[in-house]
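The values are calculated or read from the model by the stated rules, or taken from the named source; none is laboratory data. Bear in mind that the values here come from a model prediction, so they are computed numbers and not experimental data. Every residue, glycine among them, receives a Cβ derived from its backbone with ideal geometry; neighbour counts consider all protein chains shown. Heads up: the accessible areas ignore ligands, DNA and RNA and are worked out on the full protein's heavy atoms, side chains in. Shrake-Rupley method; radii C 1.70, N 1.55, O 1.52, S 1.80 Å.
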Amino acid sequence: MKFIHTADIHLDSPLSGLSAARGAPLERLRGSTRQALRNLVDYALAEAVDFIVIAGDLYDGTWRDYSTGLFLVAQMARLGEAGIAVYVVLGNHDAESKLTRQLRLPANVHVFPADRASTVRLDAHDVALHGRSFGVAAVSDNVALGYPPADPGRFNIGLLHTAAGGREAHANYAPCAVADLVGKGYDYWALGHVHTREILCERPHIVFPGNLQGRNVRETGPKGFTVVRIDGGRVLSADHVATDAVRWFRCRVGVAEALDLDDVLDAVSRALGAAAGEAGDRLAVVRIELDGATPAHAAIVRQREHLVAESHAAALRAGGEVWIERVCISTRPPGDVLASPGRADAIGALLRGVASMAADAEARSALAVELDQMLSRLPADLRAPSADDGTAADARLDRVIAAARDLLAGRILAEDDA
Amino acid sequence: MRIERLSLARYGHFTDHEIELDGDGTCLHVLLGTNEAGKTTALNAIADLLFGIAAQTPFGFRHDYKDLRIGATLRASNGTVLAVRRRKGNKNTLLDEDDRPLDESVLTRFLDGADRAIFTGLFGLTHASLRAGGDDMLQAKGDLGRMLFEAGSSLAGAARVLDALDAEATALFTSRRSAGKPFYVAEDARLAAERSVSEHTLRFDDWRRNESDLAAAEGALADVCDRLARLEERRTLLERIRRTAPRLEALREVEAELAGLADAPLLPDDARDRLEEARRTLDVTRVRLDREEQTAAAARRELAGLDIPEPLLAAGDDVRRLYERRGAVLDGRDALGELLGRREALCAELRTLSDGLGAAAGAGGDAADAPCDVALAQLRRLTGDDADLCNRQLDVGERRAKAAAAVAGAEAELNATAVPPDLTRLELAVAQAQCAGGLEADLFEAEQVAAEADGRLARALAGLRLWSGDAAGLAALRVPDRETVLRFEREIGEAERLAVRARDALAAACEEEVRCARDIAALGDASALATAEAVAAARARREQGWSLIRRLFVDGERVETSEIEAFAPQPRLIERFERAIGEADALADRRQGEAERIARHDQLLADRDAAGAARAACEAQAVRCERDLAALKDDWRALWQAVGVGAETPREMDRWLERRNDVLRAYDAVQAASRRLGEMRGRLARERHDLLAALAFAGGEPAATAPFASLVEEARLRLDAGRAAERTRVALLQKSKGQIAALREEDARLDALAEQRVIWTEAWSVALRQVRLPAGTSPAAAAKAIELWEAVRRTRASLDEVERRIARAQRDAAMFSAEVLRLLAKVLPELAAAEPSSAIHAAFERLQVACRDAQKRQDLLARIAGAVEAARSAAADAEDAEASVRRLMSMAGCAGEGELPAAIDRCRRKTTLLARADGLRDEILSDADGHSLAEASAEAESMDPDRRQAELAALTREIAELFAEAQRLGACKQSLLQRREQMAAGGGAVEAEQARRNALADLEDVSERWLVLKTAAFLLRRGVEQFRREQQGPLLARAEALFRALTLGSFVRFRIDYDDADNPCLLGVRSDGTTCPTSGMSDGTRDQLFLSLRLAAVERYLAETEPLPFIADDLFVHFDDARASAGLESLIALGDKTQVLLFTHHRHLAELARQAGGGNRVRVQELCARA
């Protein structure tokens, strides 16, 4: 017997952080979450899996386009025609979503109720499935404790949308400890909510399969589902199968040895080639992070736009379909001209000024006023941290000052080299 | 640090080259070298020695990278000496004299933290960077902060960086909306995408409505389709009968007629055509036979009438050839006349030329008598030389006259110029005065500085809390040192933290204790629990019962009644024992079942005890912490009571100490300014006295009360006027000498030309003799004779050509006549007596007539043969036609040809009827929709035709109406399906949302870049301003003195003004009191301003750190000599503070440096890479 465990489909969720101004390949980006789900269904049909479990978050909570639900119905119907049943618990996003209430799913899809944990028994496979959906978005109880005891003589699977012990960048919903889950005596816990694949335990298996499609640069690497093979009531394997149509990469490119811009571009080309090779036929979306104390720093700063344009050109030559999400520059000059604030010349005075900014409330306030002419124009999605969140605003100011200091070092050096 | 010796062992062009830079008292080393002597190489070598050779060095062109070596002996200001070498490489590149690696840190005390940027930027100044600095000051528009920052930093272009940052930020975003700026482009895209998302989102209600409409349309369509099917079935039956009934009737009629033609013969389908064709063929062949016989007879008659001359035809080619030559012979005859006339004309021309030459012509003007080509060429060359000589003699004569006039003029001008007086004493006086220049401005500045220092001290003192005394009293206080204050701050802070932590721990422990108690209470009555004690007690009771029973009934012991009664009344012992067993088992079972609850109870009891103990410990700890904190605060207050200042928190008191230090620094500044003011006043009085005495000695009458700067200016003007007069007289003397030399050169050229004329005359006589011209012939006459000899030669050649052509024409005419006569005698003797050209013309015409007759004879013979062949063919066709008619008669069984047409008609009718019957049967079967002929016939007979027609019409109408309805419903369904498909595919909301996210990414990118750019500009601007605030006073005071010296007193001081944005700007104040902004200064003056600021900045740097050598490269290119001397003096003055090297290729600069330095303060040495 084999079944598919997936979660966090976030159907029709857009990909973030891609610049329209630089001509991102929208044709390839749009519908990538749909393609990922289609790939899963294709796999299920080709491999004739016995059933599928989905551990929550089929859609984005705030998304209201009914065609998203229709697409889901169409894919579930394909599975239904092949006699493949699907068992679903709703996650925090689904609970928030209007689509959940409006959509009528095909008969082969079973959604676990939200009022209590319940069990579905598959006599043909000697399997018992236990699950409970989210009724509201923010579930703070340890709902795992309320799951029914294992059915003796059957292979018991628990479906649960949870942050487990808490994960960075994920709201800590339905918290529970691994011990809570192990204590239930189930054979497999199909978890959802955390977007990174993670196996918390083996025998019993407690698995986050990750999401089907990475949607931003924080969700890098292969994304897909877990196919679980069972024999004699034991898990033989729990393998990852990639479904992503677009793959995200963060390439940290150390350029300490680079003497000039050509060397930097060579290093970038190598990183892009590696990403293209790893992505295969998919579109690779890459963030390049240039790092290191390098003699090429001045050239990098002086010719930043040229470097970015050449990096995009290198992406075209990388051997696959590669798109650069952003080029982040964190390089430094080798003998940092701004590294010795005690020096006696004017640069020393400048350094002391920059260093004193951190503690100079008057200067910070003056800078904040100057920057506010832009910040106040930003839309709400970008305006965070909010105006009344002083700590976060301070942190942003610190980050901007640090970046400005690096920029200044590069510009002054570049001017000196020119 | 000074460089005592620089060794260019293997570097650039240099090999084993040593430059000595030591020398006590030497303030300026001038390294003089021509272009490519290696100045740049030596200059770079110093930086490479101190900081390492770059990976891509351009100085490895002669020696391999691995062999590059630079060495030096360095002396630090404390006298330490270090000899090092530098090789190229990645590590261990610093070596000692034996090439053993040295740690880079050995250079630390010599460099004192300076890096390559500081060394090359601040301590290196080239002509180009000086000019760039001047240009940057122009760009800064006098902005004092930027100017000081540029001059005072090792890196140039701060102003450019600031402008670029501002420009880039503005290009991204401005508060005022601008559609083209990236921020607004992205924002507009985001808003558009948001609208698009809203427009294209598919709503559930829309979907549900569409589904409902679709179901209704599908139901109605199915109903209409059912009704249509039933009507179509009936209509098909009626239509079939309508189609088959008429054909069935026709079939019956055909079959009746066929029965009457049963005996008709069967002939080929084309029997009638064959008969008619045979008859037509017989008629035509008869006509053809008659026509061909007549044609043959007529041709034979015409052939008999022809007469053809055969001999003429045989000689046809010869006649044609001679006729073709006839034209050329006639043309030659006409040309002969012209040639004879031409010969006469040429002979006459030859005679005329001979007459022109006269005796020189020789015998009869024959070309052979002309002089040879060599003699004529010599004569021609000499004619040319004559003209050239004449022109040159004229030119030289004119130039000599002009030179003589110029010599006379220069002598007159020199005599009119007066001899200048001796200026030595005045010069010395001015030099001394200039050295002391700027003293008044310095005094003014010092007064300002003192006033400002007083003001600062008063403000600082007023701003200092906790002190109401004066600065001296404040200075006298014995305050705790900062370390003590910081220690108290640390300790009190730590004690406070510990106290807070202890209080928190105490609260947490209390809370935990309460929680445990609450949980124990919530768990219920402890006595009801099957605790381990309860189970043990039940089991003990059970064992007690068993022991009594065993002793009573098994062992037969006697047991005291009281003991039994204690367990149970006698008659109930067994029953009570069984109950005890049951109770013990039940308690044990309950304990099993309540294990978790019991364990929880036990745990809670243990937790409560532990929490109680922890609370007690925390209470003790909190008391200790509070006590420690109070003790520390007491110590702190006692510390400040001894000083006499009220104590606040250590942090506050640390700030108070900092402010006290600010007050004390201001107090020190006041005292220093006061001392400097006194010194300045005394020095000015001395300098003024000396200058007045010097001017009086020089013949001037200075006002004793005039400002010091005016006195200096007056002396300088006197000195400048005297120097100008001296320079003018020297220039006039040099000019006069040059003009006399030019006059002598012209005389020498005239003599040389006269000698050349004598040589020419001799050569001319010889040449005339060789061409037989008289001895006195002029060059013009000789040239004419040369022309005539050449004309004679050309005419003679033309005459020879005419003679040859006449002879050829006469020979061609004779040969033609002879050939014509021979031919005609053979074929046409009657024409032999005629003129040959006319005779051959007549023979040609007769030949053409004979040829036409011969062709005609050929045509007639062919026509006769054709007619005979045609007649034979017509006879054969007639025979075939008769055979065909006979075959038809035989097939039809006719006795004669006349019966044939009737037989053919009967046969054709029978065939037609048979085919018609077959066709009707096929049509009926085809229309019968699969029914047989008999079934179709039965159907047709079953219905009355009139009723059938009426029913069909009604059916057709009803079907048409239903069909229209079905079409309408189908279109409606299709439209709803299409809409459903579009909805399911998504209406573009997903794409719009993706576009919105992309626009957000752009906005984030733009805003991030703008924030960083804006912040960088903010930091730089503040840095520049802070540097100005810190350095303005001391830097400007020193730079002002330097600028005054470098401009030779043209500018006496600086003034600070404020622009429209209240930014301080620097103005130069001239000696007459007028001001000049940097934009109004000449390029050279701006260079001098930048040099002043830079030298002042270098001196400031030197005052705080280990001195580094100052290296100047061709600085004074745009300085006049006087200002260059002043610049060199500034460098010499700097040489008192640090080593100064000047690289130059201008020898006069080296000379000026020597003069400026005097004695051994300046050392000049030549540099040569090839050495």
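Out of the residues in segment B:818-831 that are in a helix (DSSP H, G or I) and open to solvent by less than 40 Å² (accessible area, probe 1.4 Å), state the one that is nearest to B:PRO309 (Cα to Cα).
Taking segment B:818-831 as the starting set, the residues that turn out to be in a helix (DSSP H, G or I) are B:818-827, B:829-831.
Next, only the ones that are open to solvent by less than 40 Å² (accessible area, probe 1.4 Å) stay: B:820, B:823-824, B:827, B:831.
Working: B:VAL820: 19, B:LEU823: 15, B:LEU824: 14, B:VAL827: 10, B:LEU831: 15 Å.
Checked segment B:818-831; the qualifying residue nearest to B:PRO309 (Cα to Cα) is B:VAL827.
Given the structure, is B:GLU324 assigned to a helix (DSSP H, G or I), out of contact with any Cys (no Cβ under 7 Å at 6 or more places or on another chain) and more than 30 Å from B:ALA850 (Cβ to Cβ)? Steps first, please.
Numbers: assigned to a helix (DSSP H, G or I): yes; out of contact with any Cys (no Cβ under 7 Å at 6 or more places or on another chain): yes; more than 30 Å from B:ALA850 (Cβ to Cβ): no.
Judged against the criteria, B:GLU324 is not a match.
Which one of B:GLN994, B:GLN978 is within 9 Å of chain A (Cβ to nearest Cβ) and either surrounded by fewer than 15 Cβ atoms within 10 Å (Cβ to Cβ) or over 21 Å from B:GLN139 (Cβ atoms) (or both)? Give the steps one after another, and end with the answer.
Working: B:GLN978 fails: within 9 Å of chain A (Cβ to nearest Cβ).
It is B:GLN994.
Name the pairs: first residue in segment B:636-648 and without any contact (Cβ under 8 Å) to a residue 40 or more places away in the chain, second residue part of a helix (DSSP H, G or I) and exposed (fewer than 13 other Cβ atoms within 10 Å of the Cβ), Cβ to Cβ under 8 Å, at least 6 apart or on different chains?
Listed pairs, sorted by first residue: B:ALA647/B:ARG637; B:ALA647/B:GLN641.
With respect to the numbered conditions (1) more than 30 Å from A:PRO14 (Cα to Cα); (2) surrounded by 11 or more Cβ atoms within 10 Å (Cβ to Cβ), which one is the sole condition not fulfilled by B:SER890?
Of the numbered conditions (1) more than 30 Å from A:PRO14 (Cα to Cα); (2) surrounded by 11 or more Cβ atoms within 10 Å (Cβ to Cβ), the odd one out for B:SER890 is (2).
Take segment B:1079-1105 and flag every residue that is hydroxyl-bearing (Ser, Thr, Tyr), within 23 Å of A:ILE347 (Cβ to Cβ) and away from chain A (no Cβ under 12 Å).
Quick first cut of segment B:1079-1105, residues hydroxyl-bearing (Ser, Thr, Tyr) only: B:1079, B:1082, B:1085, B:1092, B:1101, B:1105.
Narrowing further to those that are within 23 Å of A:ILE347 (Cβ to Cβ): B:1092, B:1101, B:1105.
B:SER1092 - this is the single residue of segment B:1079-1105 that is hydroxyl-bearing (Ser, Thr, Tyr), within 23 Å of A:ILE347 (Cβ to Cβ) and away from chain A (no Cβ under 12 Å).
From (1) open to solvent by 40 Å² or more (accessible area, probe 1.4 Å); (2) out of contact with any Phe, Trp or Tyr (no Cβ under 7 Å at 6 or more places or on another chain), pick out the condition that doesn't hold for B:ARG1070.
Against the list (1) open to solvent by 40 Å² or more (accessible area, probe 1.4 Å); (2) out of contact with any Phe, Trp or Tyr (no Cβ under 7 Å at 6 or more places or on another chain), B:ARG1070 comes up short only on (2).
When residues of segment B:172-191 are filtered for being surrounded by 14 or more Cβ atoms within 10 Å (Cβ to Cβ), more than 10 Å from chain A (Cβ to nearest Cβ) and assigned to a helix (DSSP H, G or I), how many remain?
0
Of these, B:GLY678, B:GLY646, B:GLY682, which one is touching a Leu at 6+ places or on another chain (Cβ under 9 Å) and of a type outside the set (A, V, I, L, M, F, W, C)?
Details: B:GLY678 fails: touching a Leu at 6+ places or on another chain (Cβ under 9 Å); B:GLY682 fails: touching a Leu at 6+ places or on another chain (Cβ under 9 Å).
Unique residue meeting the criteria: B:GLY646.
Do any helices (runs of 4 or more DSSP H) entirely within segment A:24-104 hold 3 or more residues that are under 15 Å from A:ILE9 (Cα atoms) and at pLDDT below 95, and if so, which? Before you say what the answer is, go through the steps one by one.
Numbers: elements: A:26-29, A:32-47, A:66-81, A:92-96, A:98-102.
Correct list: A:32-47, A:66-81, A:92-96.
Only residues that are polar (S, T, N, Q) and within 12 Å of chain B (Cβ to nearest Cβ): list them for segment A:1-32, please. Before you say what the answer is, go through the steps one by one.
Here is the first cut: in segment A:1-32, the residues polar (S, T, N, Q) are A:6, A:13, A:16, A:19, A:32.
Hits for segment A:1-32 are A:SER13, A:SER16, A:SER19, A:SER32.
Taking A:SER97 as the residue in question, decide whether it is within 22 Å of the chain's Cα centre (by Cα) and within 14 Å of another protein chain (Cβ to nearest Cβ).
Yes; evaluated as a whole, the condition is true for this residue.
Would segment A:343-365 turn up any residue that is more than 10 Å from chain B (Cβ to nearest Cβ) and at pLDDT below 70?
Of all residues in segment A:343-365, those more than 10 Å from chain B (Cβ to nearest Cβ) come to A:355, A:358-359, A:361-362, A:364-365.
Those left that are additionally at pLDDT below 70: A:358.
Yes, some residue in segment A:343-365 is more than 10 Å from chain B (Cβ to nearest Cβ) and at pLDDT below 70.
Just to be sure I understand the filter: pairs with C-beta atoms under 7 Å, separated by 6 or more residues or on different chains, first member in segment B:682-706 and open to solvent by 50 Å² or more (accessible area, probe 1.4 Å), second member of a type in the set (A, V, I, L, M) and modelled with pLDDT of 70 or more. Which pairs pass?
From residues that are open to solvent by 50 Å² or more (accessible area, probe 1.4 Å), the pairs are B:ARG683/B:LEU439; B:ALA704/B:LEU692.
I'm trying to understand the selection: among the residues of segment B:915-934, which are surrounded by 13 or more Cβ atoms within 10 Å (Cβ to Cβ) and either farther than 17 Å from B:GLU249 by Cβ or of a type in the set (Ser, Thr, Tyr) (or both)? Even if it seems obvious, please write down each step before you answer.
Quick first cut of segment B:915-934, residues surrounded by 13 or more Cβ atoms within 10 Å (Cβ to Cβ) only: B:916-917, B:919-921, B:923-925, B:927-929, B:931, B:933.
Passing the criteria: B:ASP929, B:HIS931.
How many of the residues making up segment B:159-171 are open to solvent by 10 Å² or more (accessible area, probe 1.4 Å) and either of a type outside the set (Asp, Glu) or over 19 Å from A:LEU375 (Cα atoms) (or both)?
Within segment B:159-171, the first condition is being open to solvent by 10 Å² or more (accessible area, probe 1.4 Å), and the residues that meet it are B:160, B:163-164, B:166-168, B:170-171.
Restricting the remaining residues to those that are either of a type outside the set (Asp, Glu) or over 19 Å from A:LEU375 (Cα atoms) (or both) gives B:160, B:163-164, B:167, B:170-171.
Total satisfying the criteria: 6.
Among (1) part of a helix (DSSP H, G or I); (2) over 30 Å from B:VAL535 (Cβ atoms); (3) free of Cβ contacts under 8 Å to residues at least 24 places away in the same chain, which single condition is B:ARG558 missing?
The one condition B:ARG558 does not meet is (1).
Looking at (1) at pLDDT 80 or above; (2) within 12 Å of another protein chain (Cβ to nearest Cβ); (3) open to solvent by less than 30 Å² (accessible area, probe 1.4 Å), find the lone condition where B:GLU194 falls short.
(3)
List every residue pair whose Cβ atoms lie under 9 Å apart, where the two residues are 6 or more positions apart in sequence or sit on different chains, the first residue falls within segment A:235-253 and is farther than 16 Å from A:ALA276 by Cβ and open to solvent by less than 30 Å² (accessible area, probe 1.4 Å), and the second residue, located anywhere, is outside any strand (DSSP E or B) and among the basic types (Lys, Arg).
Close Cβ pairs (under 9 Å, with a partner that is outside any strand (DSSP E or B) and among the basic types (Lys, Arg)) amount to A:VAL235/A:ARG203; A:THR243/A:ARG38; A:THR243/A:LYS223.
Anything in segment B:832-859 that is farther than 30 Å from B:ARG301 by Cβ and either out of contact with any Lys or Arg (no Cβ under 9 Å at 6 or more places or on another chain) or not in a helix (DSSP H, G or I) (or both)? List them, or say none.
Selection gives B:ALA832, B:ALA833, B:ALA834, B:GLU835, B:SER838, B:ALA839, B:ALA842, B:ALA843.
What is the one condition in (1) open to solvent by 50 Å² or more (accessible area, probe 1.4 Å); (2) more than 14 Å from every other protein chain (Cβ to nearest Cβ) that B:PRO1034 does not satisfy?
With respect to (1) open to solvent by 50 Å² or more (accessible area, probe 1.4 Å); (2) more than 14 Å from every other protein chain (Cβ to nearest Cβ), B:PRO1034 is out only on (2).
Out of curiosity, is A:GLY69 within 14 Å of chain B (Cβ to nearest Cβ) and crowded, with 24+ Cβ neighbours inside 10 Å? Step through it out loud before you land on a result.
Working: within 14 Å of chain B (Cβ to nearest Cβ): yes; crowded, with 24+ Cβ neighbours inside 10 Å: yes.
For A:GLY69, the condition - within 14 Å of chain B (Cβ to nearest Cβ) and crowded, with 24+ Cβ neighbours inside 10 Å - is met.
Name the one entry in B:ARG727, B:ARG723, B:ARG716, B:ARG744 that is charged (D, E, K, R) and in contact with a helix residue (DSSP H, G or I) (Cβ under 7 Å, 6 or more places away or on another chain).
On the way: B:ARG727 fails: in contact with a helix residue (DSSP H, G or I) (Cβ under 7 Å, 6 or more places away or on another chain); B:ARG723 fails: in contact with a helix residue (DSSP H, G or I) (Cβ under 7 Å, 6 or more places away or on another chain); B:ARG744 fails: in contact with a helix residue (DSSP H, G or I) (Cβ under 7 Å, 6 or more places away or on another chain).
Answer to the selection: B:ARG716.
A quick yes/no check of all residues on (1) at pLDDT 80 or above; (2) exposed (fewer than 15 other Cβ atoms within 10 Å of the Cβ); (3) within 30 Å of B:LYS910 (Cα to Cα):
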| position | (1), (2), (3) |
| --- | --- |
| B:PRO246 | yes, yes, yes |
| B:ASP263 | no, yes, yes |
| B:LEU275 | yes, no, yes |
| B:GLN294 | yes, yes, no |
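Take A:GLU47 and tell me if it is charged (D, E, K, R), under 16 Å from A:THR243 (Cα atoms) and either open to solvent by 10 Å² or more (accessible area, probe 1.4 Å) or away from chain B (no Cβ under 12 Å) (or both). Step through it out loud before you land on a result.
On the way: charged (D, E, K, R): yes; under 16 Å from A:THR243 (Cα atoms): yes; either open to solvent by 10 Å² or more (accessible area, probe 1.4 Å) or away from chain B (no Cβ under 12 Å) (or both): yes.
It is true that A:GLU47 is charged (D, E, K, R), under 16 Å from A:THR243 (Cα atoms) and either open to solvent by 10 Å² or more (accessible area, probe 1.4 Å) or away from chain B (no Cβ under 12 Å) (or both).
Is it true that A:ALA77 is of a type outside the set (Ser, Thr, Tyr) and either more than 14 Å from chain B (Cβ to nearest Cβ) or in contact with a Ser or Thr (Cβ under 8 Å, 6 or more places away or on another chain) (or both)? Give the derivation first.
Values: of a type outside the set (Ser, Thr, Tyr): yes; either more than 14 Å from chain B (Cβ to nearest Cβ) or in contact with a Ser or Thr (Cβ under 8 Å, 6 or more places away or on another chain) (or both): no.
When the stated conditions are applied, A:ALA77 does not pass them.
Determine which member of the set B:ASP206, B:ASP213 is more than 10 Å from chain A (Cβ to nearest Cβ) and part of a helix (DSSP H, G or I). Even if it seems obvious, please write down each step before you answer.
On the way: B:ASP206 fails: more than 10 Å from chain A (Cβ to nearest Cβ).
Result: B:ASP213 is the single residue among B:ASP206, B:ASP213 that is more than 10 Å from chain A (Cβ to nearest Cβ) and part of a helix (DSSP H, G or I).
Cβ contacts < 8 Å: first residue part of a helix (DSSP H, G or I), restricted to segment B:945-967; second residue surrounded by 11 or more Cβ atoms within 10 Å (Cβ to Cβ) and of a type in the set (Asp, Glu), any location; separation 6+ or different chain. Result?
B:LEU952/B:GLU239; B:ILE959/B:GLU232
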